[in-house]
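Here's the structure we're looking at; comments come further down.
Bear in mind that the values in this text are calculations on the coordinates, not laboratory data. Model, not experiment: these values are computed from the prediction. A quick note on method: Cβ atoms are made from the backbone with ideal geometry, for glycine too, and the neighbour counts reach across all protein chains shown.
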Amino acid sequence: MSYRLLERDEAPDPLLPTSSTPTRTTKTLPKWARLLPRGRSRSRWIILALTALFVLAVLNHRALGTWRRDFVYLIRPLWDTPEPPFHIIPHYASPTADDTTGWCALHGWTPRPTDPRTGHGQVKIVDAVLLSSELDMLEIRMREYLPYVTTFVIVEADRTFSGEPKPLYFDQNRFNTIIKGCPGTTIEYHVIRDLQPDQPVGSFDNEIKMRRAVSEVLASLDLPAGSLVIQSDVDEIISWQTLDLLTTCQGFPQTLHLNVKNYRYDFAHPIPDEGYWRPHVYTTQTDHEGVGYYHGRGSNELLAGAGWHCSFCFATLDEMRAKMRGYSHNDRLRDPSLLDTLRSRVCDGRDPFNMWPEAFTFKDIFAQSGRLAKSLVYTDTPSAVQEFPERFAYLLDKGCERPES
């Protein structure tokens, strides 16, 4: 047996752990990881598993994006706030007696001087719209606006907002026939041929360019001071009763928003919400004033019960599909199979993109989601729909039967 003498500065190996001796710890692996082989094989398995998850994520990026979008919409009440509240102006019916002073006073306004030729206020009204392919909706709109509107400005392009080529749908003869009974009423039709092709999904560049083109047309009209310019999309229709009020009275704000009731696919599927505020009427303050054509908020004043917003109210399913692919919100089309299953959603009144609504309370989100209750009351619809119910049956109780093309 041999012994080794310790040097003076050399300490013996401790038999028990001390504060200066690090304690060995054993890391606890997840249960799934302990099932894998040990050593390098385990590392290879983990790398393979992570690679597989990455490949699945790439292959299913559309589904993941849709899930993320839906989740954000579903929790909107937690992170978003609605538009600041409007001052809502009650909308009173026209009196049976000739009491325009009292009628205007109910709204806080005063009567206009009357044009003896028309019996209406002495004011010029211009209606300006962008046209894609909504010919029936344009006709319904024009019939509603006569004889109040004196100039219809219609701007159409040979490409969709997404940049795809499209035919020019406007038929001058068809619409000249509609206005022929109103002497002095004109149509200003303009074609835009320089929209940019192959726009990124969700791009608004072409739409902005077309709205600027409308502004240029309005500037060329040399409108007199006090003219009214209706600014709304073609499917946002102001009622003739509202136009009667606006031509009879004066004193409302320069930009007056017009609240319209929301419908989807037809007037049989009203959306249970508070309506749509973006349509508005703008009053020019000076002669030859330039008028910017926009779809945003311009004031805090909102006239209640001013008309209808019939979204995706096309005569055929193919027209709906063309809009889903071609308008600025085409980024909502995450799954191309939605185009093939469109009819079932039209019949139920469900969102064309299977999206949650843009609502700011959970109560409204669930009230406006899924299948819409079908209405069988069509008394509050545009006058042309009431006058020609067979022709526009797809906007009433026959919406589910509309043809493919």
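Figures for the structure shown
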item: Geometric extent, Cα atoms of the range 88-395 - Rg, Dmax (angstrom); result: 19.5, 58
item: Unsatisfied cross-links (Cα-Cα over 27 Å) in the set K124/K180; K209/K363; K209/K374; result: K209/K363; K209/K374
item: Exposure proxy order (Cβ contacts within 10 Å, fewest to most) of Y394, Y294; result: Y294, Y394
item: Order of F71, F170 under a 10 Å beta carbon neighbour criterion, fewest first; result: F71, F170
item: Computed Kirkwood radius, in angstrom, where 1/r is averaged over Cα pairs of the range 60-190; result: 19.6 Å
item: Cα gyration tensor shape of the range 313-405, rounded if a/c is under 1.5, else prolate or oblate by comparing a/b with b/c; result: oblate
item: Shape metrics for the range 212-331, restricted to C-alpha atoms - Rg then Dmax, Å; result: 15.8, 45
item: Peptide ranges 340-351, 259-270, 243-254 listed from the most packed, as the mean C-beta count within 10 angstrom indicates; result: 259-270, 243-254, 340-351
item: The range 153-184 and the range 379-403: distance between their alpha carbon centers, rounded to Å; result: 22 Å
item: Enclosed volume per residue, in Å³, of the convex hull spanned by Cα atoms of the range 262-388; result: 165 Å³
item: Separation of alpha-carbon centers, the range 207-269 and the range 312-359, rounded to whole Å; result: 26 Å
item: Packing-based exposure ordering (other Cβ within 10 Å, fewest first) of I154, I237; result: I154, I237
